Amino acid sequence: MSTATTALASGHATSRYRAPFAAGGPAAIDAVLAERLLAVALGRGADYADLFFEYRASASFVFEEGILKSASRSVSLGLGVRAVKGDATGYAYVQALDEDAMRRAAETAASIAASGQSVAPVPVTARSIAHRYDLPMLTLDVEGAVKKALLERAANHAKAFDSRIVKADASFVEEVREILLFTSDGTMATDVQPLFRFGISVVAEGADGRRESASSGGGGRTSLAYFDGKSPEWHAEQACKEALIKLDAQEAPAGQFEVVLAPGDSGILLHEAVGHGLEADFNRKGTSNYSGAIGTEVASPLCTVIDDATLLQSRGSINVDDEGNEPHSSVLIENGKLVGYMHDRLSAKHFKVRPAGNGRRETFAAVPMPRMTNTILAKGPHDPEEILKSVKYGIYAKKFGGGQVDISNGDFVFSLTESYLVEDGKITAPLKGVNLIGNGPDVLRKVSMLGNDVEISDGIWTCGKQGQSVPVGVGCPTIKISAITVGGTKV
């Protein structure tokens, strides 16, 4: 048996928020105990088993009506045990980390395999992982008064920015998640994942009583040094400017138009309308419009789509996925051709490829599945100004709101929270009530120009799938789509 023990990844800041299952903790888990539990999970004939320990400490602060309206802290802790037999998965979780409770969870997961020759787990070896978010101090270790002051600065600056700003609220949400994994094929991996998101929302009121809202925010797997580059006042101004512009917004035209997507957060359209269809579980089941399409042309030759977990301190970045595999930068579409999917362990086995490090889960109580990390449309050859100048009459989509997507065919509807008319190559009137209606693969085929100005989203997106939510990043350059249906409100 191995004698590996748990430890924080080298380089992480020492924090008072440490998992009890870490080395020296009150419920320390070592390889000897883990191998006993894995043997139980494999005991009824499973092909593979793993243990996923998770500790999460989180906090939130909400500043409304000029005061700190709420502040909260929470902690969760538990173990998820998975046993796999062929394509079937048994899963059980427990919040108590005494050996009897963990053994019962392992026995429950093992029941997926009713009979068969049991195998012994391979002695575990600690996996060396990358360091994509080493920090001098976690935000959770910073006094609450400091974070309250950030929120107060943002709200006060917004209210002072313009007399038409009648409401300004701000929030700060943070966590640290420590995970520890053991697999029956011999891997041990541990990681400490910090995360925070700051946001401010404002309401502007015009002389006619019309009200418009807007927001700005950011964060990532980083420290409060984030605000050295984008201060609370900066975010307040971005939100205020957008809300004030909306007061003068006109009804949007309806019909087929050329559309230019702004760099950065417009990548959410790519994420939803294309990215989910490239997750391998949908393709393993044949329910994605990309099923069986490897090697075929699915987009404009300008388009290369990458899922990249390696970006430093980005919201979607991870050092190790929730199955113990190190993620990397995966090319999904290359020069318009589909070249790969995003895999977890099960789909990788099905497609006979190595896991891509995209096995993610919301908590220890959930099974992992293929999920995106930071999904990016790579840069193209065009200058952004050249792209705008090429549009005679169309729409400039700057910020996206909610949307709906049908994974089976890629059909989508997205609402825009900030958009403008483009006339004779220039951005003119702000618009309201704009929806983009189309099909993901069709839109990628209609990419006629692609900017050289890739931007990555600023730590605001969370992705939902089958009831599980995980933090993600998106990114793209300026994109020109030759034709897309705009659902406007102008008569």
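The values are calculated or read from the model by the stated rules, or taken from the named source; none is laboratory data. Computed from a predicted model, the values in this text were never measured in an experiment. Methodologically, a virtual Cβ is constructed for each residue, glycine included, from the backbone with ideal geometry; neighbour enumeration extends over all protein chains shown.
The figures follow:
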| read-out | value |
| --- | --- |
| Residue that is modelled with the lowest pLDDT, among those in segment 70-124 that are β-branched (Val, Ile, Thr) and touching a Gly at 6+ places or on another chain (Cβ under 8 Å) | 112 |
| Residue check for residue 127: closer than 25 Å to residue 369 by Cβ, at pLDDT 95 or above and among the basic types (Lys, Arg) | no |
| Residue in segment 264-272 that is out of contact with any helix residue (DSSP H, G or I) (no Cβ under 8 Å at 6 or more places or on another chain) and under 23 Å from residue 154 (Cβ atoms) present | yes |
| Neighbours by Cβ (under 6 Å, 6+ apart or cross-chain): first from segment 67-82, farther than 30 Å from residue 112 by Cβ and assigned by TED's automatic domain parsing to the domain that holds residue 143; second hydrophobic (A, V, I, L, M, F, W, C) and part of a strand (DSSP E or B) | 69/62; 70/62; 71/61; 73/59; 75/57 |
| Selection from segment 115-161 of residues that are crowded, with 17+ Cβ neighbours inside 10 Å, more than 31 Å from the chain's Cα centre (by Cα) and either acidic (Asp, Glu) or assigned to a loop (DSSP other than H, G, I, E, B) (or both) | 121 |
| First in segment 447-466 and without any contact (Cβ under 8 Å) to a residue 24 or more places away in the chain, second anywhere and buried (at least 18 other Cβ atoms within 10 Å of the Cβ) and not charged (D, E, K, R), Cβ under 9 Å, 6 or more apart | 462/470; 462/471; 462/472; 464/470 |
| Residue tally, condition under 16 Å from residue 40 (Cβ atoms) and of a type in the set (Ser, Thr, Tyr), over segment 86-102 | 2 |
| 1 or more residues aromatic (Phe, Trp, Tyr) and surrounded by 19 or more Cβ atoms within 10 Å (Cβ to Cβ): qualifying helices (runs of 4 or more DSSP H) within segment 205-313 | 280-284 |
| Number of the exception - residue 421 against (1) farther than 30 Å from residue 195 by Cβ; (2) under 27 Å from the mean Cα position of the chain (by Cα) | (2) |
| Test: residue in segment 368-384 that is surrounded by fewer than 22 Cβ atoms within 10 Å (Cβ to Cβ), over 25 Å from residue 458 (Cα atoms), out of contact with any helix residue (DSSP H, G or I) (no Cβ under 6 Å at 6 or more places or on another chain) and in the same structural domain as residue 477 (by TED's automatic domain parsing) | no |
| Residues that are of a type in the set (Gly, Ala, Ser) and more than 27 Å from residue 453 (Cα to Cα), drawn from segment 470-491 | 487, 488 |
| Any pair with Cβ under 7 angstrom, 6 or more apart, that starts in segment 394-405 at a residue that is without any contact (Cβ under 8 Å) to a residue 40 or more places away in the chain and ends at one that is surrounded by fewer than 23 Cβ atoms within 10 Å (Cβ to Cβ) and not polar (S, T, N, Q) | 404/412; 404/413 |
| Of all residues making up segment 407-424, the number that are on the phi > 0 side of the Ramachandran plot and either among the polar types (S, T, N, Q) or exposed (fewer than 15 other Cβ atoms within 10 Å of the Cβ) (or both) | 1 |
| Selection status of residue 21, aromatic (Phe, Trp, Tyr), more than 19 Å from residue 346 (Cα to Cα) and either in contact with a Pro (Cβ under 9 Å, 6 or more places away or on another chain) or assigned to a loop (DSSP other than H, G, I, E, B) (or both) | yes |
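Results for (1) under 24 Å from residue 319 (Cα atoms); (2) among the basic types (Lys, Arg), shown as yes or no for each residue.
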| position | (1), (2) |
| --- | --- |
| 183 | yes, no |
| 186 | yes, no |
| 195 | yes, no |
| 200 | no, no |
| 225 | yes, no |
| 230 | no, yes |
| 236 | no, no |
